[in-house]
1. For region 119-162, how many residues are of a type outside the set (A, V, I, L, M), touching a Leu at 6+ places or on another chain (Cβ under 7 Å) and closer than 19 Å to residue 16 by Cα?
2. Output the residues belonging to region 17-29 that are out of contact with any Phe, Trp or Tyr (no Cβ under 8 Å at 6 or more places or on another chain) and surrounded by 22 or more Cβ atoms within 10 Å (Cβ to Cβ).
3. Collect the residues in region 209-239 that are free of Cβ contacts under 8 Å to residues at least 40 places away in the same chain and either under 13 Å from the mean Cα position of the chain (by Cα) or over 18 Å from residue 260 (Cα atoms) (or both), keeping them in residue-number order.
4. Do you know which residues across region 123-170 are under 19 Å from the mean Cα position of the chain (by Cα), under 23 Å from residue 192 (Cβ atoms), at pLDDT 95 or above and of a type in the set (Asp, Glu)?
5. I need the full set of residues from region 206-255 which are within 14 Å of residue 38 (Cα to Cα) and touching a strand residue (DSSP E or B) at 6+ places or on another chain (Cβ under 9 Å), in order please.
6. Is it the case that some residue within region 178-191 is closer than 30 Å to residue 117 by Cβ and at pLDDT 95 or above?
7. For region 112-138, name all the residues that are outside any helix (DSSP H, G or I), touching a Phe, Trp or Tyr at 6+ places or on another chain (Cβ under 7 Å) and more than 18 Å from residue 45 (Cβ to Cβ).
8. Considering only residues that are more than 20 Å from residue 95 (Cβ to Cβ) and of a type in the set (Ser, Thr, Tyr), look in region 132-162 and name the one that is surrounded by the fewest Cβ atoms within 10 Å (Cβ to Cβ).
Amino acid sequence: MKISEYIDSVNKTRKVLSIFLTAGYPNKDKFVDTALSVLDAGADMIEIGIPFSDPLADGPVIQKSSYSALMNGVTMKDVFSYTEAILKKTNKPIVLMGYANPIMKYEKNNFAQDSINCGAKGLIVPDVPINEYDDFYNETYNDLEIVLLTTPTSDEERIKAIDKKSRGFVYCVSITGTTGVMNNFDESVYKNIERTYKTLNNNKMLIGFGISKPEDVTRFSDYCDGVIIGSAVIKSLSKDDEKHTATLKLIKDISQSCNI
C-alpha cells in the first residue's frame, strides 16, 4: 500500500500521527523495540532520521540525538537493518529522513536500492529543493515516495509545483527556522497552514516543526491530514526511563487527540 493510500485509510477515523525517531537513539541495540513501542502507543507511522553531523533543518534536540547516535556507531547500514526488522512486525509505513551529503557519500543509487529492499516506503531529504529534484532523484527512486516540504516562505506557485512533484504527502513546515518545541503560534502560522492546505490538490498534508502536544493537533486539525512530531519525543526520550514511560504516555495522549 502506498503512503498516500495508507493516509487515506487512516483519515477515515483520525488524523495521522507520524513520529520522528533518530536511528539508534537513545539506545543503539534497543532501537527496534523502541520504535515498535512507539507504534504500539498510537503512532500511525514513523520517520527514521539518518544520523548526520550537520543536520541543518533540525533544532538542537534532534542535533544532539544525531550526534549521540553517530558517537555510538550508528551507520547507514544500521538504518536499513532497523527498518527491515521493524517492518517484520508491523504494516505501518516507515519514511526515511536524511540529508543529501551522507546519501551521496553512500552513493545515490545504492541508497535508493537499499531503502527499497529494506521496505521503506518514502524518503524526505530536506536540503534537496524542488529546483534540484530532477538532478538528485533518478529512475532508481521511482519506487520510493519522495516527500517534499513547503515552508512559510513558499508562495502559491511554489506550493503548486511541490504538490505536483511530491509523492506520499506534502510536509508542511509550520514555522521558519529549525525543528523544536513551540509554546505559542502566532496568527501568521495559522494563515500559512490554511493557505498551503487549500492550495494542495494532489497530496495529503502533514504538519511538522513545533508540534509537541495534544492541543497543537486540535488547533491545526481543520487544516491538515496529520502531524509529525519529532523534537518533543526525542527530548522526552533523552530523559526518560528505560521503558520510555513518559514518552509513550505523551504519544498516547497525542494519538487520542488525532481521533476525529
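1. Residues of region 119-162 of a type outside the set (A, V, I, L, M): 119, 121-122, 126-127, 129, 131-143, 145, 150-158, 160.
Filter once more, so that each one left must be touching a Leu at 6+ places or on another chain (Cβ under 7 Å): 119, 122, 126-127.
Okay, now just the ones that are also closer than 19 Å to residue 16 by Cα, so 122.
Residues that pass the stated criteria total 1.
2. From region 17-29, those out of contact with any Phe, Trp or Tyr (no Cβ under 8 Å at 6 or more places or on another chain) are 17-20, 22, 26-29; that's our starting set.
Across region 17-29, the qualifying residues are 17, 18, 19, 20, 22.
3. Residues satisfying the conditions are 209, 210, 211, 212, 236, 239.
4. Matches in region 123-170: 163 only.
5. So in region 206-255, the residues within 14 Å of residue 38 (Cα to Cα) come out as 228-230, 232-234, 236-237, 240, 242-255.
Residues satisfying the conditions are 228, 229, 230, 233, 234, 237, 250, 251, 254, 255.
6. Applying the first criterion (closer than 30 Å to residue 117 by Cβ) to region 178-191 yields 179.
Within this subset, residues satisfying the condition of being at pLDDT 95 or above are none.
Within region 178-191, none of the residues are closer than 30 Å to residue 117 by Cβ and at pLDDT 95 or above.
7. Hits for region 112-138 are 127, 128.
8. Applying the filter and picking the extreme gives 153.
The values are calculated or read from the model by the stated rules, or taken from the named source; none is laboratory data. Since the model is a prediction, treat every value here as computed from it, not as a measurement. Using ideal geometry, Cβ is built from the backbone for each residue, glycine included, and neighbour counts are taken over all protein chains shown.
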